[in-house]
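Laboratory data are not the source of any read-out in this text; all were calculated from the coordinates shown. Owing to the predicted nature of the structure, the values given are computational and were not obtained by experimental measurement. Cβ placement follows ideal geometry from the backbone for every residue including glycine, while neighbour counts extend to all protein chains displayed.
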Amino acid sequence: MFCKEIYTSRRETLKKLVGTGLIIIVGNSESPISYMDNCYNFIQDSTFLYYFGLNSPDLIGVIDIDNDKSFIFGKEFTMDDIIWMGSQKSFQSRALEVGIENFEELEKLNSILESAKVEKRKLHYTNQYRLENSYKLSKLLKLDLETVDLEFSEKLVDSIIKMRSKKTELEVIEMEKATNITRDMHLVAMKNVRAGMKAFELVALIESEAKKHNATTSFHTICTTNGEVLHNHSHKNVFKDGDLVLLDCGARLENGYCGDMTTVFPVSGKFDNRQKDLYNLLIEMFNKAEECTAPGVENKYVHLEVCKTLAEGLVERGLMSGDPESIVNAGAHALFFPHGLGHMIGLDVHDLENFGEDKVGYDSKTLREKKFGIKSLRMAKTLEPGHVLTIEPGIYFIPQLIEKWENLGLFREFINYEKVKEYSNFGGMRYEGDFLITEDGNRRLGNKMPKDVAEVEEFLVYKI
Ligand code: GLY
Ligand code: MN
Ligand code: MN
């Protein structure tokens, strides 16, 4: 948690941006796994965390812009809670720590909203991603669920995105901590991977590294020898010499800030020639992105430059033919790189995407395209100092997609299917880091990560 002045000043800025009315920010509740008292790890709504700081369930923050007052509504601890959970600091005093003098029992919110409605004041709330929070709003505002979904405040959402997209120095310090724990998770994997090991055994070491730092994971760990399956959540591979492991994982600090990195490393400790060759191309793509990423530059441009580097590399290797620019304009390269270059990261691993990908990654100048490949680019708009985003190019050989495109006769002038099929059991590779946009360029967060072949192999202690 930051000091109370930070939360107060964030709420002040939000008031000015929204202008008039009442802002309602709904905090999350516990999510039961199998019965009410057996819940998943509690994750607070990140917008609530950003403006109201308290990491506890069942709270609602309200900013009354016109009367210049902020509230947190909830339920103060009872003796029953203390019996089961031990002694607790009261919400009254915790609210003071985030600059809120008015901690009130939830029932009181009903009467405040009633009078606001009578006075025909604008009630601003965001679009929701958890049905139970829509339900809370539906009860509070006496609207049906469909109307709650339709009548959210675009002005509030746009103002929140504007503020949360630009990370302050204090936030960057927290993100750097999350990135360094993420780095340790990767290094522990590289140092311990062995032939004969099961992926879940490695995942146990990776995730315990996060826990050692009182962190959790920022998303479901991907640890697989089938990297071509983009969101492969199975941990059942048994590693063998010759395999490449794709590890995509991240730490989430207790205060919510996230890291997200991907590495690829050979189980044997040494890349073979073909792996080394394509890994070098992957790193060329990553370096190209790093070189182009700067304030004032559209991230869509960076994505397309990286696609051209890929196309050039595949032409050199005989997998594609033709001019890289024409390949990318046609979208043929997307057979090997079907996703986007990256996404914003912050209090959520795909930061702010709960408001809709287009709202976060696009604007009136940069519109979303429908073509396969680039349609999956989440962050396309012009970069600004303070943005933090991932750079995560990949090269994949997806046998079903290759077969489908070949059968359809797609891009025969660009794709050398016979050669490509020689790689159909290659799998997939991705390399990912987290970057801050600075005044004149960018800075990769965290301590130096192994990237080039020699640097990665140095961390692979076991070598055949
Ligand atoms: N782990 C998902 C991503 O990198 O976006
Ligand atoms: Mn990732
Ligand atoms: Mn990512």
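With just the Cα atoms defining each centre, how far is segment 311-352 from segment 399-464? Give it in Å.
10 Å
For segment 103-227, what's the relative contact order in percent, using C-alpha pairs closer than 8 Å and at least 6 residues apart?
16 percent
Distance between the C-alpha centers of segment 246-301 and segment 82-108? Whole Å please.
Their Cα centres are 43 Å away from one another.
Given segment 116-273, report the % of alpha carbon pairs whose separation exceeds 23 Å.
Beyond 23 Å sits 55 percent of the P(r) for segment 116-273.
So for each of 106-117, 300-311, 168-179 I average, over its residues, the number of other beta carbons within 10 Å; can you give me the resulting order with the highest mean first?
Sorting 106-117, 300-311, 168-179 by mean packing, highest first, produces 300-311, 168-179, 106-117.
Can you tell me which lysines have their Cα less than 17 Å from the Cα of Lys15? Leave out same-chain residues fewer than eight positions away.
Filter leaves Lys4, Lys69, Lys122, Lys155, Lys162.
If eta is 0.890 mPa s and T is 25 °C, what Stokes-Einstein diffusion coefficient results for segment 348-395, Kirkwood Rh from Cα pairs, in µm²/s?
208 µm²/s
Which of the peptides 424-433, 211-220 is most tightly packed, and how do the rest follow, going by the mean number of other Cβ atoms within 10 Å of each residue?
Result, highest mean Cβ count within 10 Å first: 424-433, 211-220.
Per-residue ellipticity at 222 nm for the chain, helices alone: DSSP H runs ≥ 4 residues times -39500 (n - 2.57), over residue total, nearest 500 deg cm²/dmol?
-12000 deg cm²/dmol
Collect residues whose amide H, placed 1.01 Å from N in the peptide plane, falls under 5 Å from the amide H of Ile415; neighbours closer than 5 in sequence don't count.
Excluding prolines and chain starts, which carry no amide H, the hits are Ser321.
Report the gain in length on full extension from Asp272 to Asp452: 0.36 nm times residue separation, minus Cα-Cα distance, nm rounded to one decimal.
Fully extending the segment from Asp272 to Asp452 adds 63.4 nm.
Provide the per-residue ³J(HN,Hα) series for segment 69-78, in order, calculated from phi with Karplus coefficients 6.51, -1.76, 1.60 and θ = phi - 60°, each as a whole number of Hz, with x at glycine and proline positions.
9, 10, 9, 10, 9, x, 9, 5, 4, 9
In whole angstrom, and with the biggest value first, how far do the Cα coordinates of segment 293-352 range along each principal axis?
Sorted largest first, the three principal extents are 43, 23, 18 Å.
Direction-averaged shadow area of the convex hull around the Cα atoms of the chain, nm²?
Directional mean of the projected Cα hull area for the chain stands at 23.9 nm².
Using the Kirkwood radius over Cα pairs, work out the Stokes-Einstein diffusion coefficient for segment 34-74 at 20 °C and 1.002 mPa s, in µm²/s as a whole number.
Approximately 181 µm²/s, per Stokes-Einstein.
Please state the relative contact order of the chain as a whole percent: Cα pairs under 8 Å, 6+ residues apart?
Relative contact order comes out at 14 percent.
Can you list the residues, at least 5 places off or on another chain, whose amide H is less than 5 Å from the amide H of Glu228, using H built in the peptide plane?
For Glu228, whose amide H was placed from the backbone, the distant partners under 5 Å are Gly428.
Using the Cβ atoms and a cut-off under 14 Å, what net charge is assigned to the surroundings of Pro32, where Lys and Arg are +1 and Asp and Glu are -1?
Every neighbour counted, the sum reads -3.
What fraction, in whole percent, of alpha-carbon pairs in segment 1-94 exceed 17 Å separation?
Everything past 17 Å amounts to 57 percent.
So what's segment 262-336 giving for Rg/Rh, alpha carbon basis, Kirkwood Rh from the mean inverse pair distance?
1.02
Evaluate segment 196-345: find the radius of gyration of its Cα atoms, find its Kirkwood radius, and give the ratio Rg to Rh.
1.01
Compactness ratio of segment 220-300: Cα Rg over 2.2 N^0.38 Å, N = residue count?
Segment 220-300 yields a ratio of 1.32.
Provide the net charge surrounding Phe91, with neighbours chosen by a C-beta distance below 12 Å and charges set as Lys +1, Arg +1, Asp -1, Glu -1.
-3
So what's the Cα pair-distance distribution over segment 132-199, bin width 10 Å, in %?
Result returned by the calculation: 16, 21, 19, 22, 17, 6.
May I have the pair-distance distribution P(r) for segment 84-146, computed from all Cα-Cα distances with 10 Å bins from 0 and rounded to whole percent?
In whole percents, the pair-distance histogram is 17, 35, 37, 11, 1.
Taking every alpha carbon pair in segment 39-196, what does the distance histogram look like in 5 angstrom bins from 0, in percent?
2, 7, 12, 16, 18, 15, 10, 8, 5, 3, 2, 1, 0, 0
What are the residues whose amide H is under 5 Å from the amide H of Glu104, where those residues sit 5 or more places off or on another chain and H is modelled from the backbone?
Counting only residues 5 or more places away or on other chains, the set is Ile72, Phe73, Gly74.
Of the lysine pairs in segment 216-353, how many meet both conditions: Cα atoms under 17 Å apart, and a spacing of 8 or more in sequence or different chains?
4
Can you compute 3J(HN,Hα) from phi for each residue in segment 134-141, using the Karplus curve 6.51 cos²θ - 1.76 cosθ + 1.60 with θ = phi - 60°, rounded to whole Hz and x for Gly and Pro?
With the stated coefficients, segment 134-141 comes to 5, 5, 4, 5, 4, 5, 5, 9 Hz.
So what J values fall out for segment 452-464 if you push phi through Karplus, 6.51 cos²θ - 1.76 cosθ + 1.60 with θ = phi - 60°, rounded to Hz, Gly and Pro as x?
Per residue, the Karplus-derived 3J(HN,Hα) values read 6, 3, 5, 5, 5, 4, 4, 7, 8, 5, 7, 10, 7 Hz.
Rounded, prolate or oblate: pick one for segment 357-464, where a ≥ b ≥ c are the square roots of the eigenvalues of its C-alpha gyration tensor, a/c under 1.5 means rounded, and failing that, prolate if a/b is larger than b/c, else oblate.
oblate
Cross-link list Lys211/Lys448; Lys177/Lys463; Lys117/Lys139: which exceed 24 angstrom alpha carbon to alpha carbon?
Exceeds cut-off: Lys177/Lys463.
Along the charge dipole of the chain, which of Tyr125, Leu319, Pro295 sits closest to the positive end, that is, farthest toward it, with unit charges on the beta carbon of Lys, Arg, Asp and Glu (+1, +1, -1, -1)?
Leu319
Below 8 Å between Cα atoms, with a sequence gap of 6+, how large is the relative contact order for segment 138-295 in percent?
About 21 percent, as a whole number.
What size of dipole, in debye to the nearest 20, comes out for the chain about its Cα centre when the only charges are +1 on Lys and Arg C-beta atoms and -1 on Asp and Glu C-beta atoms?
200 debye
First measure r as the distance between the Cβ atoms of Thr438 and Met79, then evaluate 1/(1 + (r/R0)^6) with R0 = 45 Å and state the FRET efficiency to the nearest 0.05.
0.30
Please give the charge dipole size of segment 387-442, origin at the Cα centre, charges +1 on K and R Cβ atoms and -1 on D and E Cβ atoms. Round to the nearest 20 debye.
Here segment 387-442 has a charge dipole of around 380 debye.
Tell me, Kirkwood radius of segment 204-266 from alpha-carbon pair distances, in Å?
One decimal place: 12.3 Å for the Kirkwood radius.
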